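Below is one structure, written out as structure tokens; comments come after it.
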Amino acid sequence: MRIACPHCGLRDLQEFTYLGDASPSRPDGLAATESAMFDYVYLRENPRGLLEELWFHNAGCRAWLAVCRDTLTHTIQSVVPANKRKKGAAA
Ligand SMILES: [Zn+2]
């Protein structure tokens, strides 16, 4: 699989680190319950189809990227810098 980094161009998967689903929002640290933090850290969906994911280009520009990928075919629909992503792009 190759990812078209918006800064570096088309690069091999080995240059990237996968974080996971981009949709969960981190609970407010001090006010969050233990249960809410557990859910945020450990409980993730594993959907079939389009999913917006976070990837880190560790062997390139070291930018966080929001990658919209079909988990069934690995087809990548879009790649944008994570700070420019629109929440719910895979919906
Ligand atoms: Zn890059």
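Values quoted throughout were computed directly from the atomic coordinates according to the rules given, and no laboratory measurement underlies them. Keep in mind it's a predicted model, so treat the numbers as computed, not measured. Glycine also receives a Cβ, built like all others from the backbone with ideal geometry; neighbour counts cover every protein chain displayed.
At-a-glance table
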item: Among the residues listed as Leu10, Leu50, Leu54, the single one being in contact (Cβ under 8 Å) with a residue 12 or more places away in the chain and out of contact with any Phe, Trp or Tyr (no Cβ under 7 Å at 6 or more places or on another chain); result: Leu50
item: Extreme residue, nearest to the ligand (Cβ to nearest atom), among residues of segment 8-33 that are of a type outside the set (A, V, I, L, M) and surrounded by 14 or more Cβ atoms within 10 Å (Cβ to Cβ); result: Cys8
item: Positions within segment 79-89 being surrounded by 14 or more Cβ atoms within 10 Å (Cβ to Cβ), within 16 Å of the ligand (Cβ to nearest atom) and either among the hydrophobic types (A, V, I, L, M, F, W, C) or outside any loop (DSSP other than H, G, I, E, B) (or both), in sequence order; result: Val79, Val80, Pro81, Ala82
item: Residue among His57, His74 that alone is within 14 Å of the ligand (Cβ to nearest atom) and over 10 Å from the mean Cα position of the chain (by Cα); result: His57
item: Those residues of segment 20-36 which are more than 25 Å from Glu52 (Cβ to Cβ) and of a type outside the set (S, T, N, Q), in sequence order; result: Leu30, Ala31, Glu34
